[in-house]
Amino acid sequence: MPPTCYLSRTEHFSAAHRLHSLYLSDEENRTVFGKCNNANGHGHNYVLETVVGGPIDPKTGMVASLDDLKHWINTAVMDVLDHRNLDADIAYFKNRPSTVENLAAFIWIRLSQTVPAGLLQKIIVSETPKNKVIFAGEGLTKAELDECVL
């Protein structure tokens with residue numbers, strides 16, 4: 001059996017949002033989300049690291065083509081999120097707060113529809129240099145997967 005290897009690609013995108021939950025009162029939203037609940041929203045320069053893994057192909061010497069990985073990320077994520085308002089432009093956030101955790105789930109769902117089965121290992125979404133989420137698809141429901149069909 002060939003050795004297993006992991007390949008990652010990092011991309012950057014900018015997006016705006018407002019942290020606000022429909023399930024909390026205005027006062028609760030201000031308490032929970034603080035200045036990030038500003039009615040006018042705010043923006044981030046996000047960093048996405050996508051990790052794929054699997055056996056090294058003995059013919060190509062690769063786990064996956066970097067060109068393919070770049071295409072999968074651009075199609076599933078960059079073309080959809082870059083320079084967008086998450087709350088206004090992305091239906092997934094209509095009924096859920098646009099936290100970095102929910103953003104990671106959305107990105108995972110989108111990537112899982114383009115990356116060949118079993119290849120996507122994890123993603124790391126950084127909202128700031130100090131705050132990041134690591135996600136590997138755990139706990140997603142079929143309804144959530146169906147909500148983001150490409």
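Compute the relative contact order of the chain as a whole-number percentage, counting only Cα pairs closer than 8 Å that sit 6 or more residues apart in sequence.
Answer for the chain is 28 percent.
Take a quick pass over the chain and tell me how many lysine pairs come in under 24 angstrom between Cα atoms, counting only ones 8 or more apart or on separate chains.
Taking the chain as the scope, the lysine pair count is 11.
Of Ile134, Asn40, His71, which is farthest along the charge dipole of the stretch 1-140 in the positive direction, counting Lys and Arg as +1 and Asp and Glu as -1 at C-beta?
Going by the Cα projections, it comes out as Ile134.
How big is the dipole moment of the chain about its Cα centre under a simple scheme where the beta carbon of each Lys and Arg is +1, that of each Asp and Glu is -1, and everything else is neutral? Debye, nearest 20, please.
Dipole about the Cα centre, nearest 20: 220 debye.
Among Thr31, Asn85, Phe106, whose Cα sits farthest toward the positive end of the charge dipole of the stretch 31-115 (+1 at Cβ of Lys/Arg, -1 at Cβ of Asp/Glu, about the Cα centre)?
With unit charges placed on the Cβ atoms, the residue in question is Thr31.
Going by a ≥ b ≥ c, the root eigenvalues of the Cα gyration tensor, does the stretch 89-150 fall in the rounded group (a/c under 1.5), the prolate group (a/b larger than b/c) or the oblate group?
Details: a/c = 1.93, a/b = 1.11, b/c = 1.74.
Oblate, since a/c reaches 1.5 and b/c is not below a/b.
For the stretch 1-68, calculate the relative contact order in percent as a whole number, restricting contacts to Cα pairs under 8 Å that are 6 or more residues apart. Provide the component values of the computation, followed by the final result.
Working: 92 pairs, mean separation 32.8, N = 68.
Once normalised by length, the contact order is 48 percent.
So, counting K/R as plus one and D/E as minus one, what does the shell of residues with Cβ under 14 Å around Phe13 add up to?
Charge balance in the 14 Å sphere: -2.
Just add up the charged neighbours of Gly137: K/R +1, D/E -1, any other residue whose Cβ is under 14 Å from the Cβ of Gly137.
Result for the neighbourhood of Gly137: 0.
A short reminder: the numbers here are calculations on the coordinates, not readings from a lab. Worth saying up front: this structure is predicted, and the values here are computed from it rather than measured. For neighbour counting, all protein chains shown are included, and Cβ atoms are generated from backbone atoms with ideal geometry for every residue, glycine included.
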